[in-house]
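Chemist: Next up is a structure, given as structure tokens.
The values are calculated or read from the model by the stated rules, or taken from the named source; none is laboratory data. This is a predicted model, so every value here is computed, not measured. As a convention, Cβ positions derive from the backbone with ideal geometry for all residues, glycine included, and neighbour counts pool all protein chains shown.
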Amino acid sequence: MAGIQHKLSMLGIALPDAPKPVASYVPAKRTGNLLFISGQVPLEGGKMAFTGSVPSVVSPEQASEAARICAINALAVAKDALDGDLDRIEEIVRLGVFVASDPGFFGQPQVANGASDLMVELLGPAGRHARAAVGSVGLPLNATVEVEMILQIRS
């Protein structure tokens, strides 16, 4: 199996610096062989790539792209927490995906696929995970999507 960093490169994805927390929490917390990644929003180049609710402001397709960006930021946090070695990730255990949603919008699972599909692209069967896709009336910094992760890692 090619390394995660190599697969990211093959997909044309360069991980950004790990985003800094915007409130009182840590970006990642390890307990045993689990690494918990705090919720990540779709920041690109220090700016929010997508803001507002789905589908009135942001299309479901754009929101799926926002979820992918969130997942990339979560991997950047994981890389930082794992001293630069993403290949210590054994599998993705769970994703939590929160979608700023208009009343009557029920496509959160399809939006969440933007993050989920990337994990499978990168890790194959080890990228398959449990997941919650939840609609929200609002997210931090008016983000369209927020993604949190639980990873199983090697010591």
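Chemist: Evaluate region 22-42: report whether one residue or more is assigned to a loop (DSSP other than H, G, I, E, B), at pLDDT below 95 and either closer than 13 Å to Glu146 by Cβ or under 13 Å from the mean Cα position of the chain (by Cα) (or both).
Modeler: Scanning region 22-42 turns up at least one residue that is assigned to a loop (DSSP other than H, G, I, E, B), at pLDDT below 95 and either closer than 13 Å to Glu146 by Cβ or under 13 Å from the mean Cα position of the chain (by Cα) (or both).
Chemist: Oh, and also: What are the residues in region 53-70 that are buried (at least 18 other Cβ atoms within 10 Å of the Cβ) and in a loop (DSSP other than H, G, I, E, B), if any?
Modeler: Ser53, Val58
Chemist: Residues to consider are Val97, Val134; find the one that is hydrophobic (A, V, I, L, M, F, W, C), under 12 Å from Glu148 (Cβ atoms) and touching a Phe, Trp or Tyr at 6+ places or on another chain (Cβ under 8 Å).
Modeler: One residue alone meets the criteria, Val134.
Chemist: Looking at Ala78, Ala100, which one is of a type outside the set (S, T, N, Q), touching a strand residue (DSSP E or B) at 6+ places or on another chain (Cβ under 8 Å), farther than 17 Å from His6 by Cα and not in a loop (DSSP other than H, G, I, E, B)?
Modeler: Exactly one residue qualifies, and that residue is Ala100.
Chemist: All but one of (1) touching a helix residue (DSSP H, G or I) at 6+ places or on another chain (Cβ under 7 Å); (2) on the phi > 0 side of the Ramachandran plot hold for Asp83; state the number of the condition that does not hold.
Modeler: Here Asp83 meets the rest and fails (1).
Chemist: In addition: Hey, among Val147, Val134, which residue is at pLDDT 95 or above, assigned to a strand (DSSP E or B) and under 21 Å from Val22 (Cα atoms)? Lay out the reasoning, then the answer.
Modeler: Values: Val134 fails: under 21 Å from Val22 (Cα atoms).
Residue meeting the stated conditions: Val147.
Chemist: Here are some residues: Arg94, Arg68. Which one is under 23 Å from Asn33 (Cβ atoms), basic (Lys, Arg) and at pLDDT 95 or above?
Modeler: The unique qualifying residue is Arg94.
Chemist: Would you be able to say whether some residue in region 110-127 is surrounded by fewer than 16 Cβ atoms within 10 Å (Cβ to Cβ) and in contact (Cβ under 8 Å) with a residue 60 or more places away in the chain?
Modeler: Yes; the residues of region 110-127 include at least one that is surrounded by fewer than 16 Cβ atoms within 10 Å (Cβ to Cβ) and in contact (Cβ under 8 Å) with a residue 60 or more places away in the chain.
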